[in-house]
Amino acid sequence: MTDLTLERKDQPNKTPVFGDGAGGTAMLTPLIDEGYWLFRVRVSDKQAIVGFPKFFTIGIGFAVEEDWNTNFPYTCTAEEIYDHIEHNKADDSISRERCIEAIEMVRAAAAEYQAERVA
């Protein structure tokens, strides 16, 4: 696998939001698994970088995680995101550079997506 390709799909935001009726709001992390994504870039046959709706932003992490729910918002740098999620890579043959390039692709798509939602 050599070329990186950005994939897109419709993914509703499944973040549970609760209000207390007095203006307070609580949110819970949605069930995140390898099928919950808006944007995906495969970095190997078994692993991908994904961007998915979480709270009011787009989280970025690995599709397959050893420990559930390790991600950072797309507004962080690609290096910050990678350093935070690296332990979930699960395959040492996938290079840091490849992952950072994939994260940058997802970050750009997420920024465009968020801008369209605000406009």
Notebook entry, point to check: Equivalent-ellipsoid semi-axes (√(5λ), Cα gyration tensor) for segment 63-119, whole Å, largest first?
Noted result: 23, 13, 9
Next item on the list: Please get the size of the charge dipole for the chain, origin at its Cα centre, with Cβ charges of +1 on Lys and Arg and -1 on Asp and Glu, quoted in debye to the nearest 20.
Entry: 420 debye
Checklist line | Fewest-first ranking of Val106, Val17, using other Cβ atoms within 10 Å as the exposure measure | finding: Val17, Val106
Check: In a solvent-free Debye calculation with one equal scatterer on each Cα, what is log10 I(q)/I(0) for segment 6-118 at q = 0.15, 0.17 Å⁻¹, listed in the order of the q values?
Finding: -0.60, -0.76
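Bear in mind these aren't lab numbers, they're just calculated from the coordinates by the rules spelled out. Just so we're clear, the structure is a prediction, and the values are computed from it rather than from any experiment. Positions of Cβ are generated from backbone atoms using ideal geometry, with glycine treated the same way; all protein chains shown enter the neighbour counts.
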